1. Which GluC sites (Glu not before Pro) does the stretch 242-285 hold that lie in a coil by DSSP with at most 10 other beta carbons within 10 Å?
2. Would you kindly find the accessible area of residue 5, with a 1.4 Å probe and non-protein molecules such as ligands, DNA and RNA excluded, rounding to the nearest 10 Å²?
3. How large, in percent, is the carbon and sulfur part of the accessible surface of the chain at a probe radius of 1.4 Å?
4. Amide H neighbours of residue 186 under 5 Å, counting only residues 5+ apart in sequence or on other chains, H built in-plane at 1.01 Å?
5. Please give the contour-minus-distance gain from residue 321 to residue 19: 0.36 nm per residue of separation, less the Cα-Cα distance, rounded to one decimal in nm.
6. Can you list the HN-Hα couplings for the stretch 156-163, worked out from phi with the Karplus curve (6.51, -1.76, 1.60; θ = phi - 60°), rounded to whole Hz and with x for Gly and Pro?
7. Residue by residue through the stretch 351-368, what is 3J(HN,Hα) from phi via Karplus (6.51 cos²θ - 1.76 cosθ + 1.60, θ = phi - 60°)? Round to whole Hz and write x for glycine and proline.
8. Once phi is turned into ³J(HN,Hα) by the Karplus curve 6.51 cos²θ - 1.76 cosθ + 1.60 with θ = phi - 60°, what whole-Hz value does each residue of the stretch 29-39 show in order, with x for glycine and proline?
Amino acid sequence: MTGTWNAWPWEADPDAVRKDVARAHEDFTGSGRVRDTVRSVVIESWRRSARLGIDPDGVAPRIELSGDSLTDYRDAHPLAVAMPLLRRLLLDTAPGPQIVALGDASGRLLWVEGDHRLRTRAEDMRFVEGANWHERSAGTNAPGVALALDHEVQVFASEHFARSVQPWSCSAAPLHDPDTGALLGVLDITGEDGVASPQALALVRVAAAAVEMELRARRIAGLIPDPRRIPQESDPIPDHLLLEVLGRDGARLNLGERVVELSARHSEILLLLSSAPRGLTGAALGVRLNERDASPVTVRAEMSRLRRLVGPGLVASRPYRLLRRLPTDVDTVRERLTGGDHLGALRAYRGPVLPVSEAPGVIEIREGLDAELCGALGAENDPRTLLAWAEHPEWRDDPRVLGVVLRSLDPASARHAALRGRLRWLGE
């Protein structure tokens, strides 16, 4: 099938599409075989989900915000002002029952509203406020793919990677700051077959544009502050910078009092430049991003947008380079490893480097850091550090790590018995 963002064209039979894709899903999860009946955008997401270790039979998105923490975070979020508009556009005049969800740039659902019957059903798969539905947490789903690719998309029924989500369909679009282009979050409608129709994606696209227009109008009117205003030539670059890329689909750039949430491509660019002190030509940067689609023209356009976003005092051209050293949380982990603080390095490691990125240069950094960390921990003798390794979310279910840790523990200890049981369960 074509690699379009729509689940199916106007003339298609949704039931036939569902059955074809369901057979392809069984083939893929059973043997890794790919059929041409599945859209390329879905196949690539299935592959990313499989690489990330998502279990198609056991997805349970994490609840990361609840209670007062959720309320306070929502109230302070720049998209909070958009909810009245979205209720009017997508709920008050909805042609049928559906759920409207608004999430942040990390994939956490902040508002989930709509048909009561559907929302009650959706609770069974944790499609609720505070749950994280980015692709890395829940596998292929419209909000997660929209954030991973920074593009509107539909996911229909059996296209979902997790079988528990396959009774549902969804259409989603990323939301951006209207002035800087920074990724703010994602808009999603979820329900039955109708929300995967071509007109449903068009509706979500229009609603997303309306949200961005609403933000701009309120900003111009002075009704909301402008924390992401375009930096000026006179703006100083602070002394203390930090690029956070560990366990994040999009990096967070700390510029003193200003924090910028970066798109996937801008995250990759800044990380690659931070690891190349002498800079990179457009061609060299393109190869490290993805030699197939990152042409010099594309790279030049992205660099222009990046400079407008972070200010003129950080990024230069000819060659592309950083004017100031930009420390990253990868550096923090490596510094602690070098200093022999293996437990500190493990605690600083919040997850893989930009885990959904497929840029060759990012993959090299990601795999290099993992190799360094695992190599150091594999030679560790301190039981406390080794137990922390076995309980770290990234390695908790890794049989190789559990085997190393078990060899360091007293076979008669309770911890040895617990880890032995986990290893046995993984084997089964």
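The values are calculated or read from the model by the stated rules, or taken from the named source; none is laboratory data. Quantities reported herein were computed from a predicted structural model and do not represent experimental measurements. Note that each Cβ is placed from the backbone with ideal geometry, even for glycine, and that neighbours are counted across all protein chains shown. These accessible areas exclude ligands, DNA and RNA; they are computed on the full protein's heavy atoms, side chains included. Shrake-Rupley method; radii C 1.70, N 1.55, O 1.52, S 1.80 Å.
1. On the way: sites: 244, 257, 261, 268; in loops: 257.
Taking the stretch 242-285 and a limit of 10 other Cβ atoms within 10 Å, the loop GluC sites (Glu not before Pro) found are 257.
2. Solvent-accessible area, nearest 10 Å²: 80 Å².
3. 51
4. Those qualifying (amide H under 5 Å, at least 5 residues apart or on another chain) are 103, 104, 175.
5. Separation in residues times 0.36 nm, less the Cα-Cα distance, equals 103.7 nm.
6. In residue order, the calculated couplings are 10, 6, 5, 6, 4, 6, 7, 5 Hz.
7. With the stated coefficients, the stretch 351-368 comes to x, x, 5, 5, x, 8, 5, 10, 5, x, x, 6, 4, 4, 5, 4, 5, x Hz.
8. Working through the residues one at a time gives 6, x, 10, x, 6, 10, 9, 7, 7, 10, 4 Hz.
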